[in-house]
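Right, one structure below, let's go through it.
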């Protein structure tokens, strides 16, 4: 566990990602964490939560605990129980909203970190100081919720692991909309508002289309871009990263297209369609 703090410290900053345009809600996307994770030597695998259409990624440092309490779906523990992850089933009277559950948690002495959008789920994240734990809660039925708890979070290594694992929470059965929203949330973390992510999901095709643009880049100024190769290489790298992610998520049948546009989105400078560069303004003009 000692190496985790140095390896994963940057992942804690995932809590500080920019707000999503879809609901002014803080967003966490596995595609963002996955990119940072690839820079480390930390390995792990996905676990499907029993009886739920939900997966979480768990580092190999944790082993699944065979015997769990009656209200737990599953649990994982690091060596010598130095850190634990438990996935529990909570029930409520009636059908409270996450905002109402947040108030109940605060009244019970917890500290709320807020309601986040995590890979398609709205989730409440809160800390229980008396138990030295961090939890994320997602409603799964009108009267029930799944709570994933990490402890002890006073250990910065464990907090880093918690920050990583909670970004992986996602539906076991993904659709095109889920993945498109994950891409949109990921782009919010470094590209901001100058983009759009649209998707098509019907019997004939499953398609995600990403359009990206930059302020001040238009038909007049594009000729002054002297690092065009760097611009296009960055788009190709991003495209390939998303293709790898689609394959890892079992969505390899989705077609991905990407356009780099002028700031008014009326001129296209670079296009990748289904893995092929189909338009390059400078290359085609040469």
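Values quoted throughout were computed directly from the atomic coordinates according to the rules given, and no laboratory measurement underlies them. Bear in mind the structure is a predicted one, so any value in this text is a computation, not a measurement. With ideal geometry, Cβ positions are generated from the backbone for all residues, glycine too; neighbour counts draw on all protein chains shown.
Packing here is the average count of other Cβ atoms within 10 Å per residue, and on that basis the peptides 87-100, 202-215, highest first, run 202-215, 87-100.
Projecting the alpha carbon convex hull of segment 4-171 along each direction and taking the average yields 9.7 nm².
Legend: ranking of residues 67, 131 from fewest to most surrounding C-beta atoms inside 10 Å; resulting order 67, 131. The distance between label points at residue 215 and residue 230 comes to 2.0 nm (points 7 Å beyond Cα on the Cα→Cβ vector). For segment 80-182, what Kirkwood radius comes out of the mean inverse Cα-Cα distance, in Å? One decimal place: 14.3 Å for the Kirkwood radius. The protection proxy used here, the mean number of other Cβ atoms lying within 10 Å of each residue, ranks peptides 190-201, 150-161 as follows, highest first: 150-161, 190-201.
Measure nothing fancy, just the Cα-based angle from helix 228-248's long axis to the longest principal axis of the chain, in degrees from 0 to 90, nearest 10. Result, in degrees: 40. Expressed as a whole number of Å, what is the distance separating the alpha-carbon centroids of segment 81-106 and segment 193-238? The distance from the Cα centre of segment 193-238 to that of segment 81-106 comes to 40 Å. In the chain the Cα-Cα distances spread across 5 Å bins starting at 0 as 1, 5, 11, 15, 16, 15, 12, 9, 7, 5, 3, 1, 0, 0 percent of all pairs. On the principal axes of its alpha carbon atoms, segment 111-266 extends 61, 39, 24 Å, with the longest extent given first. The long axis of helix 176-188 is offset from the longest Cα principal axis of the chain by roughly 80 degrees. Taking every alpha-carbon pair within segment 188-286, the share separated by more than 19 Å comes to 44 percent. Peptides 44-51, 259-266 ordered by packing proxy, namely the average of other Cβ atoms within 10 Å per residue, highest first: 259-266, 44-51.
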